[in-house]
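First the structure, in the form of structure tokens, and then the observations on it.
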Amino acid sequence: MVTICAALGLTAGVGSASVSAAPASSPPTARPVAARPAPPPVLVDCFGHAKVRPARFILACGDGNSRLVSLHWRSWGARSARATGVNVVNDCVPYCAAGHFHRYSVVVKLDRPQPWKKRPHVQHYSRITLFYPKDRPAHSGRVVTFSLWN
């Protein structure tokens with residue numbers, strides 16, 4: 001019995017040695033991983049939602065007395081975005097609740113992308129510049145720049 005067990009043990013050892021001595025199959029060919037381009041920055045609205053090429057955007061979150069409408073985006077890239085549209089502004093005369101809204105043609109530029117605090121892996125535009133090619137709101141320059149919320 002001892003001889004049979006020893007013979008079986010020797011056979012098992014030789015069998016496993018022959019298996020481990022077999023040439024290993026070659027590893028699969030490594031394929032280069034294509035780097036995905038980073039998504040373009042977003043525009044964060046008053047409600048903390050990410051927008052890309054929005055048709056409308058509220059500038060005065062507290063009361064809605066200044067907003068952009070009819071936006072047509074000419075570009076939306078990694079460094080800046082440009083659009084034409086209309087800035088609808090309340091004149092607040094004699095006070096905002098009794099004021100009237102006026103429409104002004106505007107060219108919009110977004111730039112200075114930075115990480116968004118809500119989602120640090122997402123870039124958001126942190127500055128907006130409005131160019132008024134014709135009429136403009138009272139007490140407003142031809143070019144107005146604002147920091148955007150994060």
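The values are calculated or read from the model by the stated rules, or taken from the named source; none is laboratory data. Treat the numbers as computed from the prediction; the structure is a model and nothing was measured. Cβ: placed from backbone, ideal geometry, glycine included. Neighbour counts: every protein chain shown.
In the set (1) in contact with a Phe, Trp or Tyr (Cβ under 9 Å, 6 or more places away or on another chain); (2) modelled with pLDDT of 95 or more, Asn150 fails one condition alone, (2).
For residues in the stretch 66-96 being touching an Asp or Glu at 6+ places or on another chain (Cβ under 7 Å) and modelled with pLDDT of 95 or more, which is surrounded by the fewest Cβ atoms within 10 Å (Cβ to Cβ)?
Let us first name the residues in the stretch 66-96 that are touching an Asp or Glu at 6+ places or on another chain (Cβ under 7 Å), namely 79-80, 96.
The next check asks that each one be modelled with pLDDT of 95 or more; those that pass are 79-80.
Numbers: Arg79: 13, Ser80: 17.
Checked the stretch 66-96; the qualifying residue surrounded by the fewest Cβ atoms within 10 Å (Cβ to Cβ) is Arg79.
Inspect the stretch 35-42 for any residue being within 16 Å of the chain's Cα centre (by Cα) and at pLDDT 95 or above and give the result as yes or no. Before you say what the answer is, go through the steps one by one.
Quick first cut of the stretch 35-42, residues within 16 Å of the chain's Cα centre (by Cα) only: 36-42.
With at pLDDT 95 or above added as a condition, the list becomes 41-42.
Among the residues of the stretch 35-42, at least one is within 16 Å of the chain's Cα centre (by Cα) and at pLDDT 95 or above, which makes the answer yes.
Considered as a group, the residues in the stretch 97-125 that are surrounded by 14 or more Cβ atoms within 10 Å (Cβ to Cβ) and among the aromatic types (Phe, Trp, Tyr) include one that is farthest from the chain's Cα centre (by Cα), and that residue is Tyr104. Among the residues making up the stretch 121-150, those that are within 13 Å of Val42 (Cβ to Cβ) and in a loop (DSSP other than H, G, I, E, B) are His121, Val122, Leu148, Trp149, Asn150. So, of the residues in the stretch 126-150 that are in contact (Cβ under 8 Å) with a residue 24 or more places away in the chain and under 30 Å from Pro39 (Cβ atoms), which turns out to be surrounded by the most Cβ atoms within 10 Å (Cβ to Cβ)? Going through the qualifying residues, I end up with Leu130.
Out of the residues in the stretch 44-90 that are of a type in the set (A, V, I, L, M) and assigned to a loop (DSSP other than H, G, I, E, B), which is nearest to Asp111 (Cα to Cα)? So that I can check it myself, show each step before the final result.
Step one: filter the stretch 44-90 for residues of a type in the set (A, V, I, L, M), giving 44, 50, 52, 55, 58-60, 68-69, 71, 78, 81, 83, 86, 88-89.
Subsequent filtering for residues that are assigned to a loop (DSSP other than H, G, I, E, B) retains 52, 55, 59-60, 78.
On the way: Val52: 13, Ala55: 18, Leu59: 16, Ala60: 19, Ala78: 9 Å.
Ranking the candidates gives Ala78 first.
Does Asp63 fit the bill of being surrounded by fewer than 17 Cβ atoms within 10 Å (Cβ to Cβ) and modelled with pLDDT under 95? In short, yes.
Contact map, the stretch 98-125: first residue at pLDDT below 95, second residue part of a strand (DSSP E or B) and loosely packed, with under 14 Cβ neighbours inside 10 Å, Cβ cut-off under 6 Å, separation 6 or more or different chains; the map is empty. When Ser70 is tested against (1) at positive phi; (2) touching a residue at least 60 places away in the same chain (Cβ under 8 Å), only condition (2) is not met.
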